[in-house]
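Novice: Got a structure here, written out as structure tokens. Questions coming.
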Amino acid sequence: MLKYYKELVYFVQKMVGDRELAMDITQETYAKTIEKSKDVIIENERAFLYKVARNIVIDATRREKNRTFIAYEEEHHCCNAHEQPDAIVFESLKDAMLVEALGALPRHLKHVFVLHVIEGYSKKEIASMLNLNLNSVQKYIISATAKLTEYIQHKEWNDA
């Protein structure tokens, strides 16, 4: 039977277009043929090997075709990651926690933090708007960020 190995690999490779896959299928072909030869006498080994190899390729193609179709359907009917219900709930919880944490900040820190992080003003613009020096604005933002982080971390430990 081994004398047909190279031609069988070539035959399978022509069908699947991949040498490694062809060698795997050929190995599976020999395994199935040897298993079958325990029960039945195989008169034409070459023809039997070719038939088993062809059937394995057909079965693999059918499985792959169904898998590809299912994956396509799944992608077509699913929500984007940001539209998933758990993502929406998580996002609203994060927003609520941030609002709660901002409420715990001193007024001057909250005002500077909101102007910079949420509304997008530069530190220089904030300094000009609030009649502060640039160093004060930077210190307020750093301090607000540290207090918010501490508040949220403490809140998560208490709620867990």
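The values are calculated or read from the model by the stated rules, or taken from the named source; none is laboratory data. Worth saying up front: this structure is predicted, and the values here are computed from it rather than measured. Ideal geometry is used to build each Cβ from the backbone, glycine not excepted, and the neighbour counts take in all protein chains shown.
Novice: Quick check: is even one residue across the range 4-27 surrounded by 14 or more Cβ atoms within 10 Å (Cβ to Cβ), touching a Leu at 6+ places or on another chain (Cβ under 9 Å), in contact (Cβ under 8 Å) with a residue 40 or more places away in the chain and part of a loop (DSSP other than H, G, I, E, B)?
Specialist: no
Novice: Let me ask another. Restricting to the range 116-130, count the residues that are closer than 16 Å to K147 by Cβ and aliphatic (A, V, I, L, M).
Specialist: Counting residues in the range 116-130 that are closer than 16 Å to K147 by Cβ and aliphatic (A, V, I, L, M) gives 2.
Novice: I'd like to know if the range 82-105 contains one or more residues that are in a loop (DSSP other than H, G, I, E, B), more than 30 Å from the chain's Cα centre (by Cα) and either at pLDDT 75 or above or not assigned by TED's automatic domain parsing to the domain that holds E150 (or both).
Specialist: yes
Novice: Return only the number of the condition from (1) at pLDDT 90 or above; (2) not in a helix (DSSP H, G or I) that V40 does not satisfy.
Specialist: Answer for V40: the failing condition is (1).
Novice: Taking the range 125-152 as the region of interest, how many residues are in contact with a helix residue (DSSP H, G or I) (Cβ under 8 Å, 6 or more places away or on another chain) and loosely packed, with under 12 Cβ neighbours inside 10 Å?
Specialist: So the count comes out to 1.
Novice: Kindly evaluate V112 against the criterion of being assigned to a helix (DSSP H, G or I), of a type in the set (A, V, I, L, M), at pLDDT 90 or above and not assigned by TED's automatic domain parsing to the domain that holds A146.
Specialist: Criteria not met by V112.
Novice: I'm checking my understanding of the structure. Among residues of the range 119-160 that are modelled with pLDDT of 85 or more and charged (D, E, K, R), which one is nearest to L105 (Cα to Cα)?
Specialist: Going through the qualifying residues, I end up with K147.
Novice: Look at the range 106-124 and say how many of its residues are within 36 Å of the chain's Cα centre (by Cα), of a type in the set (V, I, T) and surrounded by 12 or more Cβ atoms within 10 Å (Cβ to Cβ).
Specialist: 2
Novice: Next up: Considering only residues of the range 90-105 that are surrounded by 11 or more Cβ atoms within 10 Å (Cβ to Cβ) and of a type in the set (A, V, I, L, M, F, W, C), which is nearest to E150 (Cα to Cα)?
Specialist: A101
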